[in-house]
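Read-outs throughout are calculated quantities, based only on the coordinates presented, and are distinct from any laboratory measurement. Bear in mind that the values here come from a model prediction, so they are computed numbers and not experimental data. Quick reminder, even Gly has a Cβ in these numbers, built from the backbone with ideal geometry, and neighbours come from all protein chains shown.
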Amino acid sequence: MADGRVRQEIIEKLTRAFAPEILDVIDESHLHAGHSGARPEGETHFRVKIVSGNFDELTLVARHRLVNDTLADELSGPVHALAIEAKPAGG
Amino acid sequence: MNSTIHQLIDNEVKSTDTVLFMKGTPQFPQCGFSGQVIQILDYLGASYKGVNVLENDELREGIKSFSQWPTIPQLYVKGEFVGGCDIIREMFQTGELKNLFDEKDIALEHA
């Protein structure tokens, strides 16, 4: 896990699903050390910043649902919390 | 099992105007994300009911499948799912959250 395997997987899945213009996946697990969902090996808390044309015309809830659905396996597995900033590409 | 807990949740969100499913209580949130939403609701002066999902494993899983939403906290206003922590914060910052309460005719103490 030390090599950021979960983070890599998140990046690959989001890239495949959304062909994002901007994608930033930040491991914020260290900010939650000692928290109930944190594990010593890390990779439990992530922040995703994503800009994609797929989000155009979608509500906030709908955008978040798409990201959550794409990462369903991770969320029911190693990932305890996912902060999402999902923005449409069309200005 | 699922249908019973879903029925319970359904009753909860329909009988109370504003319900926050959270970890811990409004006085003692046990998760930073739940705490952030509490702060926003308190700032707006919204009256709400906090439901502590840590007290009941069935509820903790049931609310996720009920809303089709994988994380907690979750805010419901007049029976409608509004969102989790990020959405609430973004809606608060843009003023959308206050508009939502206004549209649903929910009084805010500090408005």
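Sort A:47, A:5 so the one with the fewest other Cβ atoms within 10 Å of its own Cβ comes first. If you can, show how the numbers build up before the last one.
Numbers: A:47 16, A:5 11.
By the 10 Å Cβ count, ascending: A:5, A:47.
With just the Cα atoms of chain A, tell me how far they stretch along each of the three principal axes, in Å, largest first.
40, 23, 20
Please report the antiparallel percentage of the DSSP beta bridges confined to chain B, to the nearest 5. Kindly include the intermediate steps, with their values, before the conclusion.
Numbers: 9 of 13 bridges.
Expressed as a percentage, antiparallel bridges in chain B total about 70.
Reported to two decimal places, what Rg/Rh ratio describes region B:3-90 when computed on Cα atoms with Rh from the Kirkwood expression?
Details: Rg = 11.7 Å, Rh = 12.7 Å.
Rg/Rh: 0.92.
Search the structure for amide H atoms under 5 Å from the amide H of residue B:46, placed 1.01 Å from N in the peptide plane, and list their residues when 5 or more places away or on another chain.
B:109
Where does the protein assembly as shown land on Rg(C-alpha)/(2.2 N^0.38 Å)? Walk me through the numbers before you get to the answer.
Values: Rg = 17.0 Å, N = 202, 2.2 N^0.38 = 16.5 Å.
Taking N as the residue count of the protein assembly as shown, the ratio is 1.03.
How big is the antiparallel share of DSSP beta bridges in region A:12-91, given as a percent to the nearest 5?
Numbers: 6 of 14 bridges.
Close to 45 percent.
Gap in Å between the Cα centre of region B:67-82 and the Cα centre of region B:1-46?
Result: 8 Å between the Cα centres.
Looking at chain B, do any whole DSSP H helices span at least 15 angstrom along their long axis by alpha carbon and average -0.5 or above on Kyte-Doolittle, and which? Show your work: numbers first, answer last.
Numbers: long enough: B:2-15 (20 Å, -0.71); B:32-44 (18 Å, 0.78); B:57-67 (16 Å, -0.89).
Correct list, ordered by number: B:32-44.
Per residue of region A:19-29, in order, report the coupling 6.51 cos²θ - 1.76 cosθ + 1.60 (Karplus, θ = phi - 60°) as ³J(HN,Hα) in whole Hz, putting x for Gly and Pro.
So the J values, rounded to whole Hz, are 6, x, 6, 10, 9, 9, 10, 10, 7, 10, 4.
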